[in-house]
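To keep things clear, I will list the structure first and then write my remarks on it.
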Amino acid sequence: MKPPIILINYKAYENSYGEKGVEISKKIEKVSKDYGVPIIISVPATMIYKLSQILEIPVYAQHVDALRHGAHTGAILPEMIKDAGAKGSLLNHSERKIRLDEIHEAVTRIRDLGLESVVCADSYELVHPLALLKPNAILIEPPELIGSGRAVSKEKPEVITRAVNEIKKVEGVYLIAGAGITTGEDVYKAIELGADGIGVASAVMKSSTPEKIVEDFIINALKAIDRKK
Ligand code: G3P
């Protein structure tokens, strides 16, 4: 059985860095190990090295700049995140959009370095063109639902079903759905609609018991996958 893809984007929540960042990451890793389901955590750039040293679950950057070595003050290059221990990067998140040529360059460089990329799309129409760039996965997220607590799988299920149809046009690229995912039921629904997994932020990062939320997500994801067999 192919495991579900669970991607937790830490964004810049107050527990995304420092000791709190370490604490939540250890809790997430424990759930991942308990269920044998890999969970990707997408962390602030400053935390990549530290978390990669102490965790076995894949640590991603939240963004990279499609630039080459040289005079680029403040730049975070694909080579830098690799050196810090990242397994991959999110790209083009609605909160950190980049141009199409930059997405292309970043996806290619990331792949050449042996890392993974998850490219965000804010509408299903962009799923096919972005998938042609051959990232590892596309994360479809209607921006208006991000952080809303209203799940894409319930509020706009047609976005997922259309995105699933688009991703089928390209071989070897996964489709993840996100925005407003809050409950296990939201996760179940997303996978039932054809997504390979989910992306989430606020429901986990703002919870006082993030491990319980993540556990519920995994249980429901596995249930949905089992049901589809
Ligand atoms: O990258 C995932 C994220 O944008 C979803 O955010 O808070 O709606 O789970 P949230």
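The values are calculated or read from the model by the stated rules, or taken from the named source; none is laboratory data. Model, not experiment: these values are computed from the prediction. Virtual Cβ from ideal backbone geometry, glycine too; neighbours counted across all protein chains shown. Please note that ligands, DNA and RNA were not included when accessible areas were found on the heavy atoms of the full protein model with its side chains. Shrake-Rupley method; radii C 1.70, N 1.55, O 1.52, S 1.80 Å.
The table below lists the values:
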{"read-out": "Protein-only accessible surface order, largest first, of Glu102, Glu141 at 1.4 Å", "value": "Glu102, Glu141"}
{"read-out": "Net charge contributed by nearby residues that have their C-beta within less than 15 Å of Val173 (K/R +1, D/E -1)", "value": "+1"}
{"read-out": "Dipole in debye (nearest 20) - region 5-228, about Cα centre, beta carbon charges: Lys, Arg +1; Asp, Glu -1", "value": "140"}
{"read-out": "Kirkwood-Stokes translational diffusion coefficient of the chain, alpha-carbon pairs, 10 °C, 1.306 mPa s, µm²/s", "value": "92"}
{"read-out": "Rounded accessible area of Asp196 (nearest 10 Å², 1.4 Å probe)", "value": "40"}
{"read-out": "Förster radius 45 Å - calculated FRET efficiency between Ala71 and Lys30 (Cβ-Cβ, nearest 0.05)", "value": "0.55"}
{"read-out": "Mean residue ellipticity (222 nm) of the chain, computed from DSSP H runs ≥ 4 via -39,500 (n - 2.57), nearest 500", "value": "-12500 deg cm²/dmol"}
{"read-out": "Accessible area per residue, Å², the chain with all protein chains present, probe 1.4 Å", "value": "46"}
{"read-out": "Mean Cα-pair separation over length for the chain, i.e. relative contact order, pairs under 8 Å, 6 or more apart, %", "value": "19"}
{"read-out": "Carbon + sulfur, % of accessible area of region 1-107 - ligands and nucleic acids excluded, 1.4 Å", "value": "53"}
